[in-house]
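Asker: The following block contains the structure, expressed as structure tokens.
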Amino acid sequence: MGRGRADAPEIMVLVGTRPEGIKIAPVVRLLCHDPRITARVVDTGQQPGRVVEALAPFGLRPDDTLTIRRRTGRLAELAAELTTAVDRSLHRHRPDAVLVHGDTTTALIGAQVAFWNQIPVVHLEAGLRSHDRGHPFPEEANRAMVARCVDLHLAPTPTARRNLLAEGLPAHQVVVTGNTVVDALHTLLRHGVARAPSWVHSQRRLAVATVHRRENWGRGITDILGALAHVATAHPDLDLALVNHPNPKLAAQVQAGLGHVRNARLMPPMPYPEMIGLLHAADLVVTDSGGLQEEAASLGVPVVVTRETTERPEILHHGLGELVGTDPDRIIDAVTRRLSGPRGAPAGSPFGDGRAAERCVHAIARLLDTGALVPVGGDTRNALVSPGRQADRRPHLPLPHRSRPGGVVNADLFEHDIDH
């Protein structure tokens, strides 16, 4: 996708889910215009069709799509299929580095297989921790395992960096960048493509809800839906929009729990620009999603998180949301209070300033020995921007794993902008 100079090193970007596609898009957009690096975007097939959908609003598409077979839907089956497919792709293209995002099965397998092939690994959105292995499941364990295979940790916040350092990971491999979801959000809002649905009424309050976390399946989701039905029935002036997950079993459970509520709209999965338009118009978000916590907070929309833990404590520290678990009484109380309170200002997101992708690309260039350290945005501490001249490149891979020690910078990038 991104074509650098003829001798430019190549980074393979592995993406398998819609959230991954959204969050890697700002980085890939910059890589496409950076002559220092060639980017190859590979759709692993974890969520068929969803990566293409996620990248399209940003003018991007995968370079390759892997073929995997899903018969049982079990995680072990997915991991086995991805292991073979990713390994084959790495041997075919021989990239100089591999970028994975977050905590999905694609990220876990991509990092491990790259490590086995002695290819440096870059981890976008590194260092998120709930400190509870079962919540979220299996993501909390996934990201901890990914970290052990990584050469460059792109941490979205100083809190994420501290988590990595507490686990004994080298400080020089951790760079605080901000979260690229803020960049994606800014891009869509700036280009006017994030628009609320036509049915949204400015004179009525709007609550947006989602449910999908694996650890909430069954009784947990039933309790969440019961609480939402209670709130919607008690507030006839409220529009409740529940955006369904692609999983048909979850959609059926949502229909059973909210289908009878007159002011509840049960909506199919929405393209990302439409989802952002809906969030932008909302007075409240009720969710067990990680990404929606970040997006709502960045838009100044209060968040009620239907989980017992969050790997995004910034929303709690900044008063942007609260944890309520799946207990119906706690959900009803929190939603009622939040609906009666003022909506926050959309400025000052704790997740970044919209320049995360820039910092990510410069850190990647440094890893590949093509970047340099200079100030960015007036900050004189360890920030990375495009160098005035190219540094000497090292030979093309394959090289021994971790053959580029010290190839990344000391962290604390823009801590005053991100953690205030």
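Asker: Hey, any hits in the stretch 180-201 for a residue that's under 29 Å from Asp327 (Cα atoms), surrounded by fewer than 24 Cβ atoms within 10 Å (Cβ to Cβ) and among the charged types (D, E, K, R)?
Answerer: no
Asker: Moving on to the next point. Mind listing whichever residues of the stretch 199-214 are within 17 Å of Thr309 (Cβ to Cβ) and either modelled with pLDDT of 80 or more or more than 19 Å from the chain's Cα centre (by Cα) (or both)?
Answerer: Here is the first cut: in the stretch 199-214, the ones within 17 Å of Thr309 (Cβ to Cβ) are 211-214.
Once the filter is applied, which keeps residues that are within 17 Å of Thr309 (Cβ to Cβ) and either modelled with pLDDT of 80 or more or more than 19 Å from the chain's Cα centre (by Cα) (or both), the stretch 199-214 yields Val211, His212.
Asker: With a cut-off of at least 3 residues that are farther than 17 Å from Ala196 by Cα, name the strands (runs of 3 or more DSSP E) lying wholly within the stretch 273-346. I'd like the intermediate steps shown before the answer.
Answerer: Working: elements: 284-287, 303-305, 321-323.
In the stretch 273-346, the matching strands (runs of 3 or more DSSP E) lie at 303-305, 321-323.
Asker: Restricting to the stretch 106-143, give me the number of residues that are hydroxyl-bearing (Ser, Thr, Tyr) and under 30 Å from Arg94 (Cβ atoms).
Answerer: Qualifying residue count for the region: 1.
Asker: Answer yes or no: is there a residue in the stretch 24-34 that is modelled with pLDDT under 95 and more than 22 Å from Pro273 (Cα to Cα).
Answerer: Scanning the stretch 24-34, I find at least one residue that is modelled with pLDDT under 95 and more than 22 Å from Pro273 (Cα to Cα), so the answer is yes.
Asker: Still on this structure, I have one more. How many residues does the stretch 62-71 hold that are loosely packed, with under 14 Cβ neighbours inside 10 Å and touching a residue at least 12 places away in the same chain (Cβ under 8 Å)?
Answerer: 2
Asker: Same structure, new question: Taking the stretch 321-361, which residues are touching a strand residue (DSSP E or B) at 6+ places or on another chain (Cβ under 6 Å) and at pLDDT below 95?
Answerer: Gly321, Arg338, Leu339
Asker: Answer yes or no as to whether Gly226 is in contact (Cβ under 8 Å) with a residue 40 or more places away in the chain, over 25 Å from Tyr272 (Cβ atoms) and over 27 Å from the mean Cα position of the chain (by Cα).
Answerer: The answer is yes for Gly226.
Asker: Here is a follow-up. Is at least one residue of the stretch 209-227 part of a strand (DSSP E or B), outside the structural domain of Gln47 (by TED's automatic domain parsing) and surrounded by 20 or more Cβ atoms within 10 Å (Cβ to Cβ)?
Answerer: yes
Asker: Here is a follow-up. Among the residues in the stretch 282-300, are any closer than 15 Å to Thr210 by Cβ and either in the same structural domain as Ala25 (by TED's automatic domain parsing) or hydroxyl-bearing (Ser, Thr, Tyr) (or both)?
Answerer: So far as the stretch 282-300 goes, yes, one or more of its residues are closer than 15 Å to Thr210 by Cβ and either in the same structural domain as Ala25 (by TED's automatic domain parsing) or hydroxyl-bearing (Ser, Thr, Tyr) (or both).
Asker: Quick check on my filter: what residues within the stretch 1-17 are at pLDDT below 95 and either in a helix (DSSP H, G or I) or over 19 Å from Asp369 (Cβ atoms) (or both)?
Answerer: Matches in the stretch 1-17: Met1, Arg3.
Asker: Shifting gears a bit: Please pick out the residue among Gly45, Gly73 that is within 18 Å of the chain's Cα centre (by Cα), under 23 Å from Pro246 (Cβ atoms), assigned by TED's automatic domain parsing to the domain that holds Arg359 and not aliphatic (A, V, I, L, M).
Answerer: Details: Gly73 fails: within 18 Å of the chain's Cα centre (by Cα).
Within the list Gly45, Gly73, the selection yields Gly45.
Asker: Condition first: assigned by TED's automatic domain parsing to the domain that holds Cys360 and within 22 Å of Ala184 (Cα to Cα). Can you find one or more residues in the stretch 62-70 that meet it?
Answerer: Yes, the stretch 62-70 contains at least one residue that is assigned by TED's automatic domain parsing to the domain that holds Cys360 and within 22 Å of Ala184 (Cα to Cα).
The values are calculated or read from the model by the stated rules, or taken from the named source; none is laboratory data. What you see is a predicted model; the values in this text were computed from it and never measured. Heads up, the Cβs are rebuilt from the backbone with ideal geometry, glycines too, and the neighbour counts pull from every protein chain shown.
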